[in-house]
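The values are calculated or read from the model by the stated rules, or taken from the named source; none is laboratory data. Please read all numbers here as calculations on a predicted model, not as lab measurements. Cβ atoms come from the backbone with ideal geometry, glycine included; neighbour counts cover every protein chain shown. Quick note on the areas: whole protein, heavy atoms, side chains included, nothing else; ligands and nucleic acids left out. Shrake-Rupley method; radii C 1.70, N 1.55, O 1.52, S 1.80 Å.
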Amino acid sequence: MKKNDVENTRDFNLSDANVQEESHERIKVRQMNDRQAIVRVHGSLIYVKDDFDVARGELLIHLHLERKDGRWTVVKSDEYTLPEYKEWIKKTISSKIKGGATSS
């Protein structure tokens, strides 16, 4: 991810870039079994240009992990674009409504 960020922002004259991994929600881990887990990161990206103009973005990524030889390794990642994220939210809300879940 960092390599892509550097390549994609090379022409913006950035003086600083920050990733705030838990700005939208805490990092969540869902362990599927003893050897597989999924980590969800929902945070923010903040870029500061040389003229002090600030640009912000949102980060939503699922990291799929496997345990081998006592160590967890990332085997796949799913980074969502904003349109994909909005579609995921619609599906999540729709499934909760159909399932009879209520919000407080």
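Screening Ile27 with (1) among the aliphatic types (A, V, I, L, M); (2) at pLDDT 90 or above; (3) not in a strand (DSSP E or B) gives one miss only, at (3). Name the residue that is nearest to the chain's Cα centre (by Cα), counting only residues in the range 27-55 that are within 19 Å of Leu82 (Cα to Cα) and not aliphatic (A, V, I, L, M). Here the answer is His42.
Selection of the range 59-88 for residues being surrounded by 14 or more Cβ atoms within 10 Å (Cβ to Cβ) and free of Cβ contacts under 8 Å to residues at least 12 places away in the same chain yields an empty set.
Here Asp34 meets each of (1) open to solvent by 50 Å² or more (accessible area, probe 1.4 Å); (2) among the acidic types (Asp, Glu); (3) within 20 Å of Trp88 (Cα to Cα) with one exception, condition (3). The lone criterion from (1) charged (D, E, K, R); (2) more than 25 Å from Ser15 (Cβ to Cβ); (3) outside any strand (DSSP E or B); (4) modelled with pLDDT of 85 or more left unmet by Glu84 is number (4). Among the conditions (1) open to solvent by 100 Å² or more (accessible area, probe 1.4 Å); (2) at pLDDT 90 or above, Arg56 misses just one, which is (2).
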